[in-house]
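Below: one structure, written as structure tokens.
The values are calculated or read from the model by the stated rules, or taken from the named source; none is laboratory data. Keep in mind the model is a prediction, meaning the values are calculated, not measured. So basically every Cβ, Gly included, is an ideal-geometry build from the backbone, and we count neighbours across all protein chains shown.
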Amino acid sequence: MNAPRQTVSYLIRRFREVGLIPDARHGQNFLVDLNLVRLLADAAVIGTEDVVLEIGTGTGSLTTMLAEQAGAVVTVEIDAYLHQLAAETLIDFNNITMLQQDALKNKNRFAPEVLDTIRQSLDAAPGQQLKLVANLPYRVATPVITNLLHIDPIPVSMTVTIQKELADRITASPRTKSYGALSIWIQCQCETEILRVLPPSVFWPRPKVDSAIIQIRPIPQKRAEIPDPAFFHRFVRAMFFHRRKFLRSELIGFLKGQEDKATVDRLMQQQGLDGNARAEELDVQSMLALAEAVRQQTQVHDGKEP
């Protein structure tokens, strides 16, 4: 089955039929270049062993391409009118589960119904693997990506269209303005690559910024090297809480009530860091090493085995 030609004229006509107006609150910017929709789908390399999660069904253009290749597709749309519009397009597929709801319970958690549906699809055929493929609404892109790194099982890949500024933050190198806690948290456990930068002109309505197709691939060996992921996530966010502060000050604040300044200075010296170091100067491995030294020190303080 061919995907509908999601041109501006097609969308305007279909929206008029149901009295729908794109809702900026939901980040509704539709990719109207079908070649780029195909690029997004092809880059994910979908096969029958894959359960694909799509956040933002839209009119079902990408969903159609995914369902033609995947073992199963779980697609989530918050807008009831769009959900109905897509249901008409996807009616002939028997491997699609459509959910009409917010994919997120809150910014830190996926909606339980979405997770349950994903796991049911995975359990239906042992050996299936999860992939995220989506033209992500801007407003949920960060929580969707970061929260998927906390679920079990995590996706083997995430191939998504997001705001270019966010793609730059995810792939940033140390000592650049885009580098921060998000860069480190994703890069410490994944490989990342920007596949294509997209101008506003390929979307309707046109956003005010560029977008990008990015692929994120979690690497089990990298994840296994993080002794306490929850601690590291909390630690790295704290180190960038006041971006221009010296790292020493951030560490003192993080360890307030647990360790004195002399201990902080000793920990920094052991890591080869001086008092003028800033978090944005540390690469991923250096931040991991510092976090683990701090974690072990706090466990010694609490009388636990490091």
Against the conditions (1) of a type in the set (A, V, I, L, M); (2) within 32 Å of the chain's Cα centre (by Cα); (3) part of a helix (DSSP H, G or I), where does Leu267 fall short? Just the number, please. (2)
Return the residue satisfying two criteria in turn: it lies in segment 37-53 and is in contact with a helix residue (DSSP H, G or I) (Cβ under 6 Å, 6 or more places away or on another chain) and closer than 22 Å to Tyr10 by Cβ, and of such residues it is modelled with the lowest pLDDT. Val37
For Pro227, which of the numbered conditions (1) touching a helix residue (DSSP H, G or I) at 6+ places or on another chain (Cβ under 7 Å); (2) surrounded by 14 or more Cβ atoms within 10 Å (Cβ to Cβ); (3) within 30 Å of Val156 (Cβ to Cβ) fails to hold? (2)
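Only one residue in Glu193, Glu259 is modelled with pLDDT under 95, among the acidic types (Asp, Glu) and in contact with a helix residue (DSSP H, G or I) (Cβ under 9 Å, 6 or more places away or on another chain), so which one is that? Reasoning before the result, please.
Working: Glu193 fails: modelled with pLDDT under 95.
Answer to the check: Glu259.
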